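Asker: Quick one: this structure, given as structure tokens, is what I'll be asking you about.
Derivation of every value follows stated rules applied to the coordinates shown; laboratory data play no part. Because the structure is a prediction, the values reported are computed rather than measured. Here Cβ is always computed from backbone atoms with ideal geometry, including for glycine, and neighbour counts include all displayed protein chains.
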Amino acid sequence: MYTLMIVEDEPLIREGLKHYFPWSELGVTHIIEAEDGAQGERLALRETPDLVITDIRMPEMDGLTMIERLRPQLPSAVFVILTGYNDFEYAQKAIRLGNIQAYLLKPLEYEDSLATVKAALAKLHQRQTEELLIKGAELLRLERRRAQESLVVKRLLEEPGFDPTPALLSIGLPDPADGRSRRYATLVATAPPPSGTLPSPDDEWTAAAERFIADHANRLLGTAEGVQFLAYIRGGKLFVLALFDTEAETANLGRQDAKHPNSPNLAFADAAAALASLNRVRAEAVYIAASGLVATTAELLQSFAQTELALYRRYWQPDVYLFRATSAVAPPSPETQPTPLAPRDKELLQAHLRQGDAAAARELLMGLAEASRQLPDNTSPDRWLASLQELVSLTLRHAHQHGIAVEQFASGKMLTLAFADDFATARDMFAWLADWTDRLIAANPSGPEAQAVGADARVFAQIEQFVRQHIDREITLQMVADRFFYNPSYLSRLFKTKLNKNYLVFVAEIRIRYAQECLKDPNLFITDVCAMCGYKSYKHFVKTFRGIAGMTPTDYRKQLGIGS
């Protein structure tokens, strides 16, 4: 649909043009007016009309001057001038110069004028179609290029010994010339959601992370050289390979030279401050780790591994969002380095699990969360993960010893420690682990209070509450399985055997019940309710509502005595 701007200093002519042609039938849905070229220029830059019909002679600024100034700003717009016999040669000359597509000769003859307007709109349609095709082709080219770049990083991460040089050449990144050498660096970013919320789609937070990395590349990597980036998203993390050419050795990121104005440490600190500032206006914080520089592709896999590990330092460095993958400070020895899981804590947790004391187990785990927060900054992420693995293994041993069918409900993230990627703070993560111990205690067939069957029955109410809390979001079976410590396949069977319905029907019924509550509010449009209930398609919403409620949303409102 098109926007028309009429620029004419005679009000009667402007008003007449608004009603002279059947604009809505021609696809024009919005008409704006200006009384001279100066006002027309300002209005056009704000409203970006598709078709402009303008007089030539006007006060302040004539129509041809306005067109000349607008053409670079509105390259796809079509301009038509109103002209009389006295200016006819002038108008033809302007058309030959290419700024104007057609003219309307005063006084207007309806059939000829309508044909001119239709031809102008056809030209506009053709031009916009061509632009869409060009943009589509460019977008497809960029998507293909990005897919090729992502594949290079993916293979680096997943194929030991992979040499990316041929792949880099194939996407137009030739070997450095003129005696220059290539350097590499790795960056990994993540954006775990705040407690009680679902993660944002990857394309939302990764766009912010990539912009930040590009804007602060020199500060992050300690080089003044231009940098090229290849990015790949996996498991809720953004993996970035940085490449640049240099003639000289790049400054050591670990050098302690705080007094030097170009110190890498100061540059990195500036980037850290910028990331903290960015996160103050974001719902979910972005965390980024950057490696040192390496000279060979053979070092990249280890570099990515160390950079990814550095992100775990957020658990004991609260309010820090930017990390270096390596440190000039040597880590303490394994014998002296503190861990969040002491022998006494292990004994107490085992006792609480045996006794079925969920409250005591939770209190202990939240104490471990505080202990993690107080770890030294130079704590080894490897050793911290080993302690976390020990804690999880303890709970799994308890499950096996007491005949708890952990393979039916243990989250895959629990078994692989992948859950450590999902939280922003130690408190959030250990609260999730406390929920896990609650689940184990409730599922213990020899426990004093609960049986596994009872635990399964109660979890449906918990899942319903979880869905309602996030009713406007897509909630997959995998999300629910991870949240409530179920194997997805087992959880799917549980819905069918216990409720005689599948997961999708279960969620749809919750959404439609919520929709019925919302439809009782006459101030809400049905389309609003559709979005509030998590449906992107209005047609799908109406079909689902009819299938569950037995009537359309409009009929439901009529039944309530409320207009649609």
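Asker: May I ask which of Lys346/Lys498; Lys413/Lys520; Lys496/Lys558; Lys520/Lys543 have a Cα-Cα span longer than 31 Å here?
Answerer: Over 31 Å Cα-Cα: Lys346/Lys498; Lys413/Lys520; Lys496/Lys558.
Asker: A further question follows. Evaluate region 452-564: find the radius of gyration of its Cα atoms, find its Kirkwood radius, and give the ratio Rg to Rh.
Answerer: A ratio of 1.03.
Asker: May I ask you to derive the relative contact order of region 452-564, considering only C-alpha pairs under 8 Å and at least 6 residues apart, and to give it as an integer percent?
Answerer: 23
Asker: What nm value, rounded to one decimal, do you get for the distance between Ser150 and Lys106 when each label is placed 7 Å out toward the C-beta?
Answerer: It is 5.8 nm.
Asker: Rg and Dmax of the chain over Cα atoms: what are they, in angstrom?
Answerer: 32.5, 102
Asker: Taking Cα atoms, how many degrees apart are the long axis of helix 426-443 and the longest axis of the chain, rounded to 10 and kept between 0 and 90?
Answerer: With both axes taken from Cα atoms, the answer is about 60 degrees.
Asker: From the phi of every residue in region 208-216, what ³J(HN,Hα) in whole Hz does the Karplus formula 6.51 cos²θ - 1.76 cosθ + 1.60 yield, where θ is phi - 60° and glycine or proline is x?
Answerer: Along region 208-216, the couplings run 5, 5, 5, 4, 5, 4, 5, 5, 10 Hz.
Asker: Considering the options Gly161, Thr129, Thr223, tell which one lies farthest towards the positive end of the dipole of the chain, charges being +1 on Lys and Arg and -1 on Asp and Glu at the Cβ, about the Cα centre.
Answerer: Positive-most Cα among the choices belongs to Gly161.
Asker: About its Cα centre, what dipole magnitude does region 452-564 give when the only charges are +1 on Lys and Arg Cβ and -1 on Asp and Glu Cβ, stated in debye to the nearest 20?
Answerer: Computed charge dipole of region 452-564: roughly 300 debye.
Asker: Counting only DSSP beta bridges with both residues in the chain, tell me the antiparallel percent, nearest 5.
Answerer: About 50 percent, rounded to the nearest 5.
Asker: Still on this structure: Among Leu241, Ile512, Ala359, whose Cα sits farthest toward the positive end of the charge dipole of the chain (+1 at Cβ of Lys/Arg, -1 at Cβ of Asp/Glu, about the Cα centre)?
Answerer: Towards the positive end, the residue furthest out is Ala359.
Asker: Still on this structure, please answer the following. In debye, nearest 20: dipole of the chain around its Cα centre with unit charges on the Cβ of K, R (+) and D, E (-)?
Answerer: 1860
Asker: Students often check this: by mean Cβ neighbours within 10 Å, which of 430-443, 524-537 ranks highest, and how do the rest follow?
Answerer: Descending packing order for the listed peptides: 430-443, 524-537.
Asker: A further question on this structure: Sort out for me the Cα centre separation of region 459-530 from region 184-210, rounded to whole Å.
Answerer: Cα centroid to Cα centroid, the span is 26 Å.
Asker: Still on this structure, I have one more. Determine ³J(HN,Hα), in whole Hz, for all residues of region 189-197 in sequence, where each value follows from phi through the Karplus function 6.51 cos²θ - 1.76 cosθ + 1.60 and θ = phi - 60°; x replaces Gly and Pro.
Answerer: 10, 8, 9, x, x, x, 4, x, 10
Asker: Which far-off residues, 5 or more places away or on another chain, put their amide H under 5 Å from the one on Arg234, with H placed in the peptide plane?
Answerer: Hits under the 5 Å cutoff: Phe239.
Asker: So, one more: Which lysines have a Cα less than 27 Å from the Cα of Lys106, not counting those fewer than 8 places away in the same chain?
Answerer: Lys18, Lys93, Lys118, Lys123
Asker: What's the extension gain from Arg42 to Ala269 if we count 0.36 nm per residue and subtract their Cα-Cα distance?
Answerer: Extra length from Arg42 to Ala269 when fully extended: 77.3 nm.
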